Amino acid sequence: MGDMGDITEQELGEIYDFAVQLGKDAGRLLMDFARARWEDQGSGEQLFSEKDNAVDIVTKADEGMYTLLNFCGVWIADYAMKDVEAFVKNSIEKKYPSHKFIGEETYSKGVSRDYLIGDEPTWCVDPLDGTVNYTHLFPMFCVSIAFVVSGKAIIGVIYAPFMNQIFSACKGRGAWLNETQQLPLIRKPIPPMPAPAPGGCIFSCEWGKDRRDIPDGNMHRKVESFVNMAAEAGGRDGKGGMVHGVRSLGSATLDLAYVAMGAFDIWWEGGCWEWDVSAGIAILQEAGGLVTTANPPEDHQNAEITDVQLGSRLYLAIRPAGPSETESGRQTQERVVREVWKRVRELEYNRPGA
């Protein structure tokens, strides 16, 4: 437990219990706001605005505005909800005033994009991951809360309130779905990665917010990589991966949770910030998964496979895996990492100011 700094086991347990309850409470706030959209009809007010582009949406729940809504001609005065991030931040500051706090909505108003997380105890929060989903009432949205010490995420809580799914983990205490089912779900035994992987795997990926239609830009590189992973085995000059399926949830946080669950075998993505991935990484690593860099090294067959640094913005995640007759679980994971690196393009997501 060397990553815990000066935090004792008892204190860690108390922080974990607090984080789980905080995630539940924050998720209920999100659902209160969402539920108003189908319980009362007739409002002509647009509940979202656009940020940098048409897929980067900020809902009023995200912004934390007090809102006066008119449904069916009935003014609902005092229908106000504190911004989820403000609620989470205020709760943490009251309980743990010495801890650092990083949240998407408060930090996005800043300018610097230096690495955000140091050695001090830090809460890293995304009050609403899957904002586009939330706007369209597609149920894959969530609250994401991570507790990070010495640069490592040691507690993660992800609550998807529309589906009533809560994923949680604490270093040394396992990873869980709805606090009762240990992750990964298939455990007797935990299966190794498939021998023909990426064949036989579910591959999870996201289109991301960078939609610039420029030659060899990130979107084009992603599309090429997706096609490589999906194409018939041996196709595309040997890069065809023939994955079993390709999935895109629209939420990086939930992608990681589903990898920890074992529902996804592989997740490959670039462009995420710390709040997008910290809780998911904590849960996935505690479940026995592997998280390394998305970008293939020059010698991808022999390069060392190391744990990714929070804030790298480039992530490749592999589900928990058990041993096969010839390999350890870790060896099967590393084999799949190299097979993915063989098929994907290098992405360019730098950190301005870093």
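None of the figures in this text is laboratory data; all of them are computed from the coordinates on show. All figures in this text were calculated on a predicted structure; none of them were measured in a lab. All Cβ positions, even for glycine, are placed from backbone atoms using ideal geometry, and neighbour counts span all protein chains on display.
Spherically averaged projected area of the convex hull of Cα atoms, region 202-341: 8.5 nm².
For the residue pairs Lys89/Lys209; Lys100/Lys171; Lys95/Lys171; Lys94/Lys209; Lys100/Lys152; Lys171/Lys209, alpha carbon separations beyond 23 Å are given by Lys89/Lys209; Lys94/Lys209; Lys171/Lys209.
Under the combined filter of DSSP loop state and at most 15 neighbouring Cβ atoms within 10 Å, region 173-281 retains these GluC sites (Glu not before Pro): Glu179, Glu232.
For region 202-341, the share of DSSP beta bridges that are antiparallel, to the nearest 5, is 55%.
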